[in-house]
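Structure, as structure tokens:
Any read-out appearing in this document is the output of simple, stated calculations on the displayed coordinates, not a laboratory observation. What you see is a predicted model, and the numbers here were worked out from it, not measured in a lab. Because the Cβ atoms are built from the backbone with ideal geometry, glycine has one as well, and the counts that use them run over all protein chains shown.
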């Protein structure tokens, strides 16, 4: 936990990361070889199970559960004649409950499972139905649980790292210093950055880590500065989010003489959530990835019109799952929900733009690159509209 020092306390009182549910500890992935996929009758309604984190008494999870169900039903309205028999199962955000719900869903005839959200329950669901030839499209972004019959729909660190590194390379950046927290999300982010930078012909010239406390972030500042200066780095890639170290790093590094003007600040997470983050002086000029603004705005407007409220930040993942299933079933093939079909290269168009599922169980999403100028988000590189374009 961060013990916020007085200069940053006021900033952090409202910096609550709405995507925190996606930064989860690693779980044991389902072994490969399972998850070929159930056969369907495309001329009849396709039974689809939606596993949501309702039933625990946690209000936040109940709100998320309702948003996921709403988004799934919204997607069902425009499926080119495809009929989905959506069956919703509460998991209480618990692994054992989720596994039981998945077993019940399969017994009820489900041909594919959407959800759950959290990595532990999603992993348990994959294991529970692996022997039933049923694939799982989880709402987690944790690549550690992907594989076998489990796909993750959440935006992964690797996807973001690849996009941001490609953009940075196009701007002439070639020497990166990685700054990361000493938690699971931080180390996974660090590794994703290393892979992305290496694969694109650049170098990570230094890595600086910190424990998740105010004191450790402060103590890391001189180390970051000396590492940047001694290695000649022209970019600093940070794994942190707005709820933890970003406000401190973005305040203290410029005070120490390190800013985007000297070594470009790059974020692995979104720096525009919550909107108040945009006013932080240190994030001005930083680079980070965002989903396709046009697609996101369209989905949000449709959701608002249908349900009278904005969707949860990850509610659109359920829309994506239904959109992918509908696109595949519309082709009229009984093997529409197999691994081979799910991972077709053309991908799908969902709530936040284009995406596709990869054979390793992770995903690739078309992202835009943004910066912050005068407390406003500015798009530097638009999200691609098909796969194979720049930035992918």
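For segment 103-242, the share of DSSP beta bridges that are antiparallel, to the nearest 5, is 5%.
Specify the angular offset, from 0 to 90 degrees and rounded to the nearest 10, of the alpha carbon long axis of helix 119-129 from the longest principal axis of the alpha carbons in the chain. Orientation of helix 119-129: about 30 degrees from the principal axis.
Mind jotting down the distance between the C-alpha centroids of segment 321-358 and segment 103-148, whole Å? So the two Cα centres are separated by 17 Å. Beta bridges per DSSP, both residues in the chain: antiparallel share near 35 percent.
Using just its DSSP H runs of length 4 or more, each adding -39500 (n - 2.57), the chain gives a mean residue ellipticity at 222 nm of -11500 deg cm²/dmol after division by all residues. Rounded to the nearest 10 degrees, the inclination of helix 316-329 to the longest alpha-carbon principal axis of the chain is 40 degrees. Among 140, 381, 352, 67, the order by Cβ neighbours within 10 angstrom, fewest to most, reads 381, 67, 352, 140.
State the three equivalent ellipsoid semi-axes of segment 217-326, derived from the C-alpha gyration tensor as the square roots of 5 times its eigenvalues, in descending order and whole Å.
In descending order the semi-axes read 36, 14, 11 Å.
Note on the chain: with a GNM built from Cα contacts shorter than 10 Å, the maximum mean-square fluctuation among 305, 297, 334 falls on 305.
Does a label point 7 Å from the Cα of residue 298, set along Cα-to-beta-carbon, have any residues of segment 329-359 with amide nitrogen under 12 Å, and which are they? Label zone hits: 349-354.
How far, in nm, would the chain grow between residue 262 and residue 360 when pulled straight, counting 0.36 nm per residue and subtracting the alpha carbon separation?
On the way: separation 98, 0.36 × 98 = 35.28 nm, distance 3.77 nm.
Once the chain is fully extended between residue 262 and residue 360, it gains 31.5 nm.
Report the calculated FRET efficiency for residue 211 and residue 334 (r = Cβ-Cβ distance, R0 = 41 Å), to the nearest 0.05. The computed FRET efficiency comes out at 0.20. Round to the nearest 10 and give me the degree value, 0 to 90, for the angle of helix 214-231's Cα axis relative to the longest principal axis of the chain. In the chain, helix 214-231 runs at an angle near 70 degrees to the longest axis. Shape of segment 27-120 from its Cα gyration tensor (a ≥ b ≥ c, root eigenvalues): rounded if a/c is under 1.5, otherwise prolate when a/b > b/c, or oblate? Oblate is the answer for segment 27-120, as a/c is 1.5 or above yet b/c matches or exceeds a/b. Taking only Cα atoms and a 10 Å spring cutoff, compute GNM fluctuations for the chain and point out the largest among 178, 187, 165. Of 178, 187, 165, the Gaussian network model singles out 187 as fluctuating most.
By its C-alpha gyration tensor, with a ≥ b ≥ c as the square roots of the eigenvalues, how is segment 149-254 shaped: rounded for a/c under 1.5, else prolate for a/b larger than b/c, else oblate?
On the way: a/c = 2.04, a/b = 1.15, b/c = 1.77.
Oblate, because a/c is 1.5 or more while a/b does not exceed b/c.
As a length-normalised measure over Cα pairs under 8 Å and 6 or more apart, the relative contact order of the chain settles at 21 percent. For the chain, the Cα gyration tensor yields ellipsoid semi-axes of 37, 21, 20 Å (square root of five times each eigenvalue, largest first, whole Å). Its Cα gyration tensor gives segment 31-182 an equivalent ellipsoid. The semi-axes, each the square root of 5 times an eigenvalue, are 31, 19, 17 Å from largest down.
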